[in-house]
Amino acid sequence: MPKFFLLITLFFMLSCNNEPGSKTRTLGSIERTDPSIDKLISTDAVIEIIADGHDWTEGPVWIESEKMLLYSDIPPNKIFKWTEAKGKELYLTPSGYTGTVPRGGEPGSNGLILNKEGKLVLCQHGDRRMALMDAELNAPAAKFISLADNYMGKKLNSPNDAVYRSNGDLFFTDPPYGLANDSLKEISFQGVYKVANGQVVLMTDTITRPNGIAFLNNEKTLVVANSDPDKAIWYLYDFGPNDSLVNQRMLADVTELGKKGEKGLPDGLKVDKQGNIFATGPGGVFVFNAEGKQIGRFKIPEACSNVALADDDRTLYITADMYVLRVKLRKQ
């Protein structure tokens with residue numbers, strides 16, 4: 001086939017409408033580096049494109065009560081929802097910056113999670129805070145309650161990702177990616193924080209670009225992704241006395257892989273009920289088992305930012321640059 005017609009065919013395949021019932025579009029493949037992955041991911045699983053046309057997608061969260069996926073599109077300051085019936089729809093704007101003065105950087109929301117009451121909590125880049133949407137999930141409104149916006153009187157950088165502990169404590173990371181430039185920083189480091197009883201507590205300031213965050217080992221261990229191209233590492237910490245972080249070690253170091261040209265860095269991640277870790281990184285989404293061994297990777301040609309689990313861990317959603325992807329891991 002002549003090169004011109006090959007390019008036209010490829011463009012058509014990637015740009016066709018994603019209406020319900022249309023032909024399934026796929027992107028990438030699944031690498032199986034250990035036979036045990038077949039028990040986690042069906043051998044016939046594929047990576048589907050379910051939404052596209054975005055600027056930079058992030059922070060997906062599955063809302064079981066509404067059977068919908070919410071995700072951020074950071075540059076245009078919006079949150080979208082996706083449902084099986086209607087595909088993608090605008091859900092909320094503004095999502096991360098509620099000011100009126102134009103600003104640069106990445107203004108929208110990033111990570112999205114639910115609190116114990118089922119309310120939406122957002123990492124707001126533009127407003128530089130962790131915030132609660134003061135509205136019902138099925139009637140979204142740009143009304144927010146600040147949960148954390150400073151540390152010792154200094155503005156946060158731009159909260160990126162977050163996770164709730166079962167006791168209600170909120171943990172979040174604070175790299176500077178949402179700022180127009182580093183001169184706007186009021187804090188000299190990039191912190192990992194805990195919000196407990198209304199107080200913002202610094203957990204560590206030693207990670208150069210803290211990003212994705214999750215709990216392991218029945219909340220006895222914290223994993224933090226470092227999206228620094230010179231230290232592309234997932235760090236593990238145990239909780240010591242008074243919630244101190246102790247015994248720092250590496251889950252994996254993928255610095256060299258990133259330097260070889262694979263798109264993406266350690267970013268968002270999620271842990272299923274069995275302790276398996278799905279972590280975005282260079283070249284796609286890495287799969288580690290509960291013992292920390294890499295057993296596979298979703299090989300995706302676009303930079304992946306985050307993931308969400310749904311359907312009792314049988315479905316994985318992936319935000320990847322302009323795309324939202326879905327993998328039905330096991331039979332539904």
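Worth a mention:
- Qualifying residue in segment 272-280 (condition: hydroxyl-bearing (Ser, Thr, Tyr), under 19 Å from Leu112 (Cβ atoms), buried (at least 16 other Cβ atoms within 10 Å of the Cβ) and touching an Asp or Glu at 6+ places or on another chain (Cβ under 9 Å)): yes
- In segment 222-240, residue surrounded by the fewest Cβ atoms within 10 Å (Cβ to Cβ) [restricted to those that are small (Gly, Ala, Ser) and touching a residue at least 40 places away in the same chain (Cβ under 8 Å)]: Ala232
- Qualifying position, being closer than 26 Å to Phe189 by Cβ and hydrophobic (A, V, I, L, M, F, W, C), among Phe278, Phe288, Phe298, Phe215: Phe215
- In segment 188-199, the count of residues that are under 17 Å from Asn150 (Cβ atoms), of a type in the set (Gly, Ala, Ser) and part of a strand (DSSP E or B) is one or more.
- Residues in segment 87-103 that are part of a loop (DSSP other than H, G, I, E, B) and either in contact with a strand residue (DSSP E or B) (Cβ under 9 Å, 6 or more places away or on another chain) or hydroxyl-bearing (Ser, Thr, Tyr) (or both): Thr93, Pro94, Ser95, Gly96, Tyr97, Thr98, Thr100.
- Of the strands (runs of 3 or more DSSP E) lying entirely inside segment 275-332, those containing at least 3 residues that are hydrophobic (A, V, I, L, M, F, W, C) and closer than 26 Å to Leu236 by Cα span 277-281, 284-288, 304-310, 315-320.
- Residues in segment 190-220 that are buried (at least 18 other Cβ atoms within 10 Å of the Cβ) and among the polar types (S, T, N, Q): Gln190, Thr204, Asn211.
- The numbered conditions (1) over 16 Å from the mean Cα position of the chain (by Cα); (2) part of a loop (DSSP other than H, G, I, E, B) are all true for Lys263 except (1).
- Pairing each residue of segment 86-98 that is touching a residue at least 40 places away in the same chain (Cβ under 8 Å) with any residue that is of a type in the set (Phe, Trp, Tyr) and surrounded by 19 or more Cβ atoms within 10 Å (Cβ to Cβ), provided the two are 6+ apart or on different chains, yields C-beta distances under 6 Å for Lys88/Phe80; Lys88/Trp82; Tyr91/Phe80.
- Number of residues in segment 103-133 that are under 20 Å from Asn157 (Cβ atoms) and out of contact with any Cys (no Cβ under 8 Å at 6 or more places or on another chain) equals 18.
- Note on segment 160-187: residues that are assigned to a loop (DSSP other than H, G, I, E, B) and either hydroxyl-bearing (Ser, Thr, Tyr) or under 27 Å from Gly104 (Cα atoms) (or both) amount to 13.
- Among the residues of segment 239-260, just one is farther than 18 Å from Phe171 by Cβ, outside any strand (DSSP E or B) and acidic (Asp, Glu), namely Glu256.
This table checks each residue for (1) surrounded by 15 or more Cβ atoms within 10 Å (Cβ to Cβ); (2) farther than 20 Å from Ala310 by Cβ; (3) of a type in the set (D, E, K, R).
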position: Thr24; (1), (2), (3): no, no, no
position: Ile47; (1), (2), (3): yes, no, no
position: Asp52; (1), (2), (3): yes, no, yes
position: Glu58; (1), (2), (3): yes, no, yes
position: Glu64; (1), (2), (3): no, no, yes
position: Asp73; (1), (2), (3): yes, no, yes
position: Lys78; (1), (2), (3): yes, yes, yes
position: Glu84; (1), (2), (3): no, no, yes
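- Only one entry in Asp243, Asp205 is more than 21 Å from Asn306 (Cβ to Cβ), in contact (Cβ under 8 Å) with a residue 24 or more places away in the chain and not basic (Lys, Arg), namely Asp243.
- Complete set of residues in segment 129-159 that are in a strand (DSSP E or B), in contact with a Leu (Cβ under 8 Å, 6 or more places away or on another chain) and either surrounded by 14 or more Cβ atoms within 10 Å (Cβ to Cβ) or modelled with pLDDT under 95 (or both): Arg129, Met130, Ala131, Leu132, Met133, Phe144, Leu147, Ala148, Asn150, Tyr151
- Lone qualifier among Ile295, Ile213 - being in contact with a helix residue (DSSP H, G or I) (Cβ under 6 Å, 6 or more places away or on another chain) and modelled with pLDDT of 95 or more: Ile295
The values are calculated or read from the model by the stated rules, or taken from the named source; none is laboratory data. Here the structure is a predicted model, which means the values were calculated and not measured. Quick reminder, even Gly has a Cβ in these numbers, built from the backbone with ideal geometry, and neighbours come from all protein chains shown.
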